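*Asks:* Sharing a structure, written as structure tokens. Questions coming.
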Amino acid sequence: METIMTFLTDNFGELGPLLAVGILGLFLILLTLPILLKKEVDPLDKLREQTRAAAPADGKKQRLRTGGSKDKLERYSSFLEPQSEEEYSAVRLKLLQAGYRGKNAVRTFHFMQFVLGIGFLVLGALYAILKSASGDVSMTALILYILGPGCVGYLLPKYWVTKRQQERQQVITNGFPDSLDLMLVCVEAGQSIDQAINRVSKEMRAGYPPLADEYELVAHEMKAGKDKTQVLRDMSERAGVTDVSSFVTVLIQSATFGTSISDALRVYAGEMRDKRVMRAEEAANKLPTKMTLATMMLTVPPLLIILIGPSVYGIAQTLSTATFF
């Protein structure tokens, strides 16, 4: 034992034994995680597999949906998915607003957090070992070297999803007034609101794909027979944009009170155009304030160099001449 301690101290410094214990603990955690997360096979799942294998292959009985390869993360669903319904719904809604609609999106999101967190933690531990071997490093610095990358890796998927959510909402906000104008033209041409939404989803595909996806999903759900009010409310939740929520409210009220949909669309489309102009004016008014700091940093130093530089050079030359004599 003394030989091992001496070897660690000579090669890794005074904190060598502590680093060795930490690496050994991390290795044991990674070794025991698969055992802890191992999920026993459900007897019902085993019965379904046997039934599926014994089914006739003549094609007379076919399932409506043919499943592909089994999800590798399903056995870890109890660990990777939140057990609280509210927390699961919140994460699911955020992923939907970011454009991730897969049924395993929540599971994949938490899996990426776990993998990146552990991976960056291991990299941080290796970097801390190299730093401690090359010189004396304080305990605070070692903790930051190890835990810092782990926290970054854990928060990286969350940052990515938030960024995608904001970008998608911005695209929907920018293209929504144009979609309302196109929908108004379709309704006034004699099409129903379902046909108008279907046509708008096709026409908006080139310029605003996220908005076209939302309209296309609404058209498919209406065609499948789902309640129109619920379909529109689901669209407002998936979009996460105030303008879309107001538009859904207008359509629901128009259908409830029996008013003309074309008149409601005409008024609301005009309001959306005015709102877009106001947003553009607001961004233009913010631009001079944002450029003030950059202008000062890029303009004032060269101006000072041009104005004061020759005088400073002349003073320096005079002082050097006077010192020489």
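The values are calculated or read from the model by the stated rules, or taken from the named source; none is laboratory data. None of the values given here were measured: they were computed from a predicted structure. Note that we place each Cβ from the backbone using ideal geometry, even for glycine, and neighbour counts take in every protein chain shown. These accessible areas exclude ligands, DNA and RNA; they are computed on the full protein's heavy atoms, side chains included. Shrake-Rupley method; radii C 1.70, N 1.55, O 1.52, S 1.80 Å.
*Asks:* Might you let me know whether the stretch 185-193 holds any residue that is open to solvent by 60 Å² or more (accessible area, probe 1.4 Å), modelled with pLDDT of 90 or more, closer than 26 Å to Leu96 by Cβ and assigned to a helix (DSSP H, G or I)?
*Replies:* Checking the stretch 185-193: not a single residue is open to solvent by 60 Å² or more (accessible area, probe 1.4 Å), modelled with pLDDT of 90 or more, closer than 26 Å to Leu96 by Cβ and assigned to a helix (DSSP H, G or I).
*Asks:* Please enumerate the residues belonging to the stretch 264-280 that are free of Cβ contacts under 8 Å to residues at least 24 places away in the same chain and either open to solvent by 80 Å² or more (accessible area, probe 1.4 Å) or β-branched (Val, Ile, Thr) (or both).
*Replies:* Those that are free of Cβ contacts under 8 Å to residues at least 24 places away in the same chain and either open to solvent by 80 Å² or more (accessible area, probe 1.4 Å) or β-branched (Val, Ile, Thr) (or both): Val267, Glu271, Asp274, Val277, Met278.
*Asks:* I'd like to know if the stretch 195-206 contains one or more residues that are crowded, with 18+ Cβ neighbours inside 10 Å, touching a Gly at 6+ places or on another chain (Cβ under 7 Å) and over 18 Å from Leu95 (Cα atoms).
*Replies:* Yes, some residue in the stretch 195-206 is crowded, with 18+ Cβ neighbours inside 10 Å, touching a Gly at 6+ places or on another chain (Cβ under 7 Å) and over 18 Å from Leu95 (Cα atoms).
*Asks:* Here are some residues: Leu93, Leu182. Which one is surrounded by 13 or more Cβ atoms within 10 Å (Cβ to Cβ), assigned to a helix (DSSP H, G or I) and in contact (Cβ under 8 Å) with a residue 60 or more places away in the chain? Show your work before the answer.
*Replies:* Numbers: Leu182 fails: in contact (Cβ under 8 Å) with a residue 60 or more places away in the chain.
Of the residues listed, the single one that is surrounded by 13 or more Cβ atoms within 10 Å (Cβ to Cβ), assigned to a helix (DSSP H, G or I) and in contact (Cβ under 8 Å) with a residue 60 or more places away in the chain is Leu93.
*Asks:* Would you mind stating whether Thr173 is touching a helix residue (DSSP H, G or I) at 6+ places or on another chain (Cβ under 7 Å), under 21 Å from Leu95 (Cα atoms) and not charged (D, E, K, R)?
*Replies:* In short, yes.
*Asks:* With the checklist (1) under 19 Å from the mean Cα position of the chain (by Cα); (2) in contact (Cβ under 8 Å) with a residue 40 or more places away in the chain; (3) part of a helix (DSSP H, G or I) in hand, flag the one item Leu121 doesn't pass.
*Replies:* Every condition holds for Leu121 apart from (1).
*Asks:* If the requirement is being surrounded by fewer than 15 Cβ atoms within 10 Å (Cβ to Cβ), among the hydrophobic types (A, V, I, L, M, F, W, C), over 23 Å from the mean Cα position of the chain (by Cα) and more than 15 Å from Arg101 (Cα to Cα), which of these qualifies: Phe257, Phe247?
*Replies:* Matching residue, one of Phe257, Phe247: Phe257.
*Asks:* Now, a different point. Go through Arg48, Arg65, Arg52 for me and flag whichever is under 30 Å from Tyr215 (Cα atoms), over 27 Å from the mean Cα position of the chain (by Cα) and modelled with pLDDT under 80.
*Replies:* On inspection, the qualifying residue turns out to be Arg65.
*Asks:* If you check Tyr154 against the conditions, is it open to solvent by 30 Å² or more (accessible area, probe 1.4 Å), under 15 Å from Gly99 (Cα atoms) and of a type in the set (Phe, Trp, Tyr)?
*Replies:* no
*Asks:* Continuing with this model, one more query. Of the residues Ala283, Ala316, Ala294, which is surrounded by 10 or more Cβ atoms within 10 Å (Cβ to Cβ), of a type in the set (Gly, Ala, Ser), in a helix (DSSP H, G or I) and modelled with pLDDT under 85? Full working, then the answer.
*Replies:* Working: Ala283 fails: modelled with pLDDT under 85; Ala294 fails: surrounded by 10 or more Cβ atoms within 10 Å (Cβ to Cβ).
After applying the criteria, what remains is Ala316.
*Asks:* Residue check: is Val122 aliphatic (A, V, I, L, M) and surrounded by fewer than 16 Cβ atoms within 10 Å (Cβ to Cβ)?
*Replies:* The answer is no for Val122.
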